[in-house]
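This report concerns only the one structure given below.
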Amino acid sequence: MRLTASALLLTVFLALTARTAAAQARRSCGVDRWPVKVWADKDAALVDTVPVAATVQMLASLSVPELVYPENGRIRPHEFRTYRVRAVVERITVEDDGDWHLVLSEPGVPTLKLIAELPSPECATSATLATRFRAARDSLRRVPRRGTVDIVGIGFWDYIHNQKNGARNGFELHPVTLIVPIR
């Protein structure tokens with residue numbers, strides 16, 4: 001079968017459009033240490049998944065690592081740990097990369113803040129992670145404004161970049177893997 005010139009051009013255009021759309025979808029999932037943020041970095045299998053009890057105050061007071069943050073690796077010891085924190089959900093926003101950005105505060109001390117992020121299930125690198133991210137989002141939907149939760153997430157050092165309502169040291173929980181509303 002011979003294609004006309006216009007049919008050939010249309011075929012090429014559609015192929016390029018599909019390739020561009022796929023590349024944009026991948027790019028929209030995030031930057032700046034993205035593999036670490038979605039638990040898909042080269043050290044992911046080394047993360048201890050047994051949650052360590054912590055508080056917003058404790059995590060927000062950790063000393064900032066004095067090293068270049070690896071793009072596809074973790075920083076010892078805090079990024080190799082999973083934390084369970086009881087916190088008040090102060091605010092939820094949706095980021096450009098599809099993450100749900102949570103501002104958490106220490107119960108009874110609303111000035112002590114920490115950021116936690118729930119990645120988009122569409123940006124997960126496995127069906128298991130997509131299921132976890134989706135389940136955490138579903139649980140968060142049941143939390144009232146300024147509700148209290150037990151939140152489980154992996155430690156993450158974000159670049160300090162004038163982010164509002166985050167810990168001054170740049171520490172976050174990213175990704176969040178479980179949210180349990182407290183009644």
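The values are calculated or read from the model by the stated rules, or taken from the named source; none is laboratory data. For clarity, every value in this text was computed on a predicted model and none was experimentally measured. Note that we place each Cβ from the backbone using ideal geometry, even for glycine, and neighbour counts take in every protein chain shown. Keep in mind that these areas ignore ligands, DNA and RNA; they rest on the heavy atoms of the full protein, side chains included. Shrake-Rupley method; radii C 1.70, N 1.55, O 1.52, S 1.80 Å.
One table, with the values for the structure above:
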| quantity | calculated |
| --- | --- |
| Boolean, residue 68 is out of contact with any His (no Cβ under 8 Å at 6 or more places or on another chain), open to solvent by less than 80 Å² (accessible area, probe 1.4 Å) and among the β-branched types (Val, Ile, Thr) | no |
| All positions within region 69-93 that are in a loop (DSSP other than H, G, I, E, B) and either touching a residue at least 60 places away in the same chain (Cβ under 8 Å) or among the charged types (D, E, K, R) (or both) | 69, 71, 74, 75, 76 |
| Filter result (within 28 Å of residue 70 (Cβ to Cβ), at pLDDT below 95 and of a type outside the set (Phe, Trp, Tyr)) within region 130-166 | 160, 161, 162, 163, 164, 165, 166 |
| Subset of region 111-123 [of a type in the set (Val, Ile, Thr) and open to solvent by 30 Å² or more (accessible area, probe 1.4 Å)] | 111 |
| Single unsatisfied condition, residue 108 versus (1) open to solvent by 70 Å² or more (accessible area, probe 1.4 Å); (2) within 14 Å of residue 60 (Cβ to Cβ) | (2) |
| Scope region 128-177; condition more than 18 Å from residue 82 (Cβ to Cβ), open to solvent by less than 50 Å² (accessible area, probe 1.4 Å) and assigned to a loop (DSSP other than H, G, I, E, B); matching residues | 143, 147, 166, 169, 170 |
| Residue match in region 76-84 (condition: closer than 23 Å to residue 139 by Cα and open to solvent by less than 50 Å² (accessible area, probe 1.4 Å)) | yes |
| Where residue 30 falls short, out of the listed (1) of a type outside the set (D, E, K, R); (2) surrounded by fewer than 17 Cβ atoms within 10 Å (Cβ to Cβ); (3) modelled with pLDDT under 95 | (2) |
| Matching residues in region 94-120 - criterion: being farther than 18 Å from residue 170 by Cα and either in contact (Cβ under 8 Å) with a residue 60 or more places away in the chain or in a strand (DSSP E or B) (or both) | 94, 96, 97, 98, 109, 120 |
